[in-house]
Structures are given as structure tokens and as C-alpha cells.
Amino acid sequence: MANDLLKGKKGIIFGALNDLSIAWKVARRAYEEGAEIVLTNAPIAMRMGAINDLAASIGNAPVIPADATKVEDLENLVARSMEHFGGKFDFVLHSIGMSPNVRKKKQYTDLKYEWYNQTLDVSGISLHKTLHVCMKQDALNEWGSVIALTYIAAQRIFPDYNDMADAKSLLESVTRSFGYHYGIKNKVRINTISQSPTVTTAGTGIKGFNEFINFSESMSPLGNASAMDCANYCISMFSDLTKFVTMQNLFHDGGFSSTGVTQQVVEKFGNPEES
Ligand SMILES: NC(=O)c1ccc[n+]([C@@H]2O[C@H](COP(=O)([O-])OP(=O)(O)OC[C@H]3O[C@@H](n4cnc5c(N)ncnc54)[C@H](O)[C@@H]3O)[C@@H](O)[C@H]2O)c1
């Protein structure tokens with residue numbers, strides 16, 4: 001179902017690792033809606049090769065490696081993207097998350113601080129660096145739209161999300177702060193989308209993810225939102241239909257964030273002798 005919602009728009013998509021990635025689906029949908037795209041990911045992720053298959057399927061989009069924690073990589077990415085597009089572009093998807101503490105099973109109360117810094121840098125500060133470079137190179141058109149993906153653990157405790165919760169809080173705060181400055185300067189809007197738990201490489205790295213995804217499903221009146229539905233929401237946020245939305249954390253979670261309890265969950269705690 002394509003409606004030319006992004007016809008004439010150009011953008012950079014970070015974070016398509018494989019066909020489960022949310023960014024992969026956003027790239028496919030953006031292309032279907034008429035956008036021109038540059039793909040990027042960390043140099044190490046390029047070795048898997050899958051991103052080249054995606055590039056081929058969306059009109060041979062250029063693939064420009066960049067470690068999103070390295071300002072010089074981002075400067076190269078933005079400069080080369082502008083060369084490719086022949087000028088400024090309209091949207092950016094920041095779909096990046098990684099915690100060495102989660103990967104190496106360090107408890108939140110016993111974090112390794114070197115890794116904690118890496119978590120914050122890769123998953124939070126990288127958004128600031130990206131926006132900083134875009135602003136310096138005057139790379140984004142007026143009414144441009146930047147989306148970063150986040151999770152409700154930024155607001156409420158989900159113990160196994162570990163230090164990623166702190167990184168997501170930072171990411172959402174950068175969204176508000178930079179959204180103010182970029183809005184005033186160039187009418188660029190910046191938002192986070194807070195997505196339901198989704199089966200992807202990053203998602204399944206969290207301890208107890210399978211149980212958790214089922215819990216979340218039973219706590220969401222509409223059920224968990226899929227990666228493809230998240231991609232559709234991103235497309236609407238990149239389009240001109242949402243021009244005055246900025247500095248927001250937008251829940252895309254089937255109602256999970258507003259639900260205290262559901263009948264389905266209450267019944268799980270019933271006394272079998274009473275029923
Ligand atoms: N999967 C979920 O349950 C879920 C829920 C809410 C939010 N999110 C968020 O969605 C985003 C995308 O994750 P996903 O679930 O599609 O998983 P994914 O594993 O497919 O994507 C994560 C991406 O981050 C990239 N990355 C890691 N370090 C990087 C670096 N230094 N520089 C550049 N890129 C780097 C990886 O290469 C990968 O492509 C993340 O921000 C994640 O936290 C995921």
C-alpha cells in the first residue's frame with residue numbers, strides 16, 4: 001500500500017542489520033513511499049553483508065559505513081550523503097542500540113563503567129552527535145524530521161533492560177533539547193517513537209525476552225505493535241502530515257503505556273479454588 005507519502009524526500013537510515021531490524025522495514029517502506037535513501041551502519045555490522053541485499057532492493061541505495069559514536073565517521077556520512085543527494089535531505093532514522101553490560105550479563109547494580117559509558121555513547125549520545133553534525137553541515141531541509149527509537153524502560157523500571165534504560169532516558173532528553181534548538185534554527189523536528197518489544201537481534205539480547213514479549217502482549221489492549229507497524233508510524237512522522245509534531249516521545253505500543261492491568265493478567269493471578 002503506497003501513497004507517495006515521501007515522494008521527493010531524501011533521508012539517511014541508520015541500523016538495518018538484517019531483515020528483522022526495524023530500520024530494514026523502515027527503509028523498505030520509505031522506498032515504497034517514494035523516498036531516496038542512504039543506508040548506514042557500524043563498520044562491524046557491514047561484515048554480515050545483509051545490508052547490501054537491502055540496498056539492492058531499494059534502488060541501489062548507497063551504503064556508507066559509520067560508527068555513530070565517531071564524529072569523523074558521521075561527518076563523512078553526512079557530507080557524502082549530501083553529495084549523493086545533490087544537496088540537503090529531509091529525514092533521519094536513528095535505530096541504534098547496544099549495551100556491552102547486557103551482552104556480557106552484568107547486573108545493573110554491578111555495572112562495568114567502561115561498558116556503561118559505551119552504552120550511553122552508542123545508544124544515546126550518538127543521536128546528539130548525529131544532530132550536531134547535521135546542523136554544522138546545514139544538512140537538513142526546513143520541516144525535516146528526525147526519529148529515534150526508544151523503549152518505555154526510560155520511564156518505568158524493567159529490571160532486565162539494565163543500563164539501556166538510562167541510555168533511552170538520555171536519548172529522549174536529547175530529543176527534547178536538540179528539538180528545541182533545531183526547531184528554532186531550521187524548523188527541523190525531532191521525536192522518539194517508543195516501540196513495543198519486537199523480535200530483532202537487539203531485542204532478543206535482553207534476558208527473559210520471550211516471557212516478556214508475552215507479558216507485554218497480554219498487557220496491551222491492541223497487542224504488541226509489530227516492526228512493520230512501527231515502520232509505518234515512522235513513515236507518517238517523516239511525511240508532511242505530521243509537520244507540527246516535535247520534541248515528543250510517541251508511544252507505539254498497543255496501549256501498554258496507559259494500561260494498569262488487563263483482565264487477562266488478573267485472571268492469571270486468580271485462585272483456582274474460587275473458579
Ligand atoms: N526490538 C525491540 O524490542 C525494541 C523495542 C523498542 C525500541 N527498540 C529500539 O529500536 C532500535 C533498533 O533496534 P532493533 O530492535 O531493530 O535491533 P537491531 O539489532 O536490528 O538494530 C540495532 C542496530 O544498532 C546498530 N549499532 C550498534 N552499534 C552501533 C554503532 N556504534 N554505530 C552505528 N550503529 C550501531 C547495529 O549494527 C544494529 O543495526 C534500537 O534503538 C532499539 O533499542 C527496539
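The values are calculated or read from the model by the stated rules, or taken from the named source; none is laboratory data. What you see is a predicted model, and the numbers here were worked out from it, not measured in a lab. Ideal geometry is used to build each Cβ from the backbone, glycine not excepted, and the neighbour counts take in all protein chains shown.
Just checking, how many residues over the stretch 206-251 are in a helix (DSSP H, G or I) and among the small types (Gly, Ala, Ser)?
5
Residue 221 - would you say it is surrounded by fewer than 16 Cβ atoms within 10 Å (Cβ to Cβ), away from the ligand (no atom under 13 Å from the Cβ) and modelled with pLDDT under 95?
No.
If I ask for residues that are among the hydrophobic types (A, V, I, L, M, F, W, C) and closer than 21 Å to residue 22 by Cα, which ones from the stretch 90-121 would you list?
Selection gives 91, 92, 93, 96, 98, 102, 120.
Given 120, 171, which one is modelled with pLDDT of 95 or more, closer than 19 Å to residue 42 by Cβ and either of a type in the set (Val, Ile, Thr) or in contact with a strand residue (DSSP E or B) (Cβ under 6 Å, 6 or more places away or on another chain) (or both)?
171
Name the pairs: first residue in the stretch 22-47 and more than 18 Å from residue 73 (Cα to Cα), second residue part of a helix (DSSP H, G or I) and near the ligand (Cβ under 9 Å from one of its atoms), Cβ to Cβ under 8 Å, at least 6 apart or on different chains?
Close Cβ pairs (under 8 Å, with a partner that is part of a helix (DSSP H, G or I) and near the ligand (Cβ under 9 Å from one of its atoms)) amount to 22/227; 22/230; 25/227; 25/230; 26/230.
Taking residue 254 and the conditions (1) in a loop (DSSP other than H, G, I, E, B); (2) free of Cβ contacts under 8 Å to residues at least 24 places away in the same chain, which numbered condition does it fall short on, given that it satisfies the others?
Status for residue 254: all satisfied but (2).
Which of the helices (runs of 4 or more DSSP H) contained wholly in the stretch 1-72 include at least 1 residues that are within 8 Å of the ligand (Cβ to nearest atom) and not aliphatic (A, V, I, L, M)?
22-32
Could you say which residue among 231, 167 is among the small types (Gly, Ala, Ser), within 24 Å of residue 35 (Cα to Cα) and in contact (Cβ under 8 Å) with a residue 12 or more places away in the chain?
231
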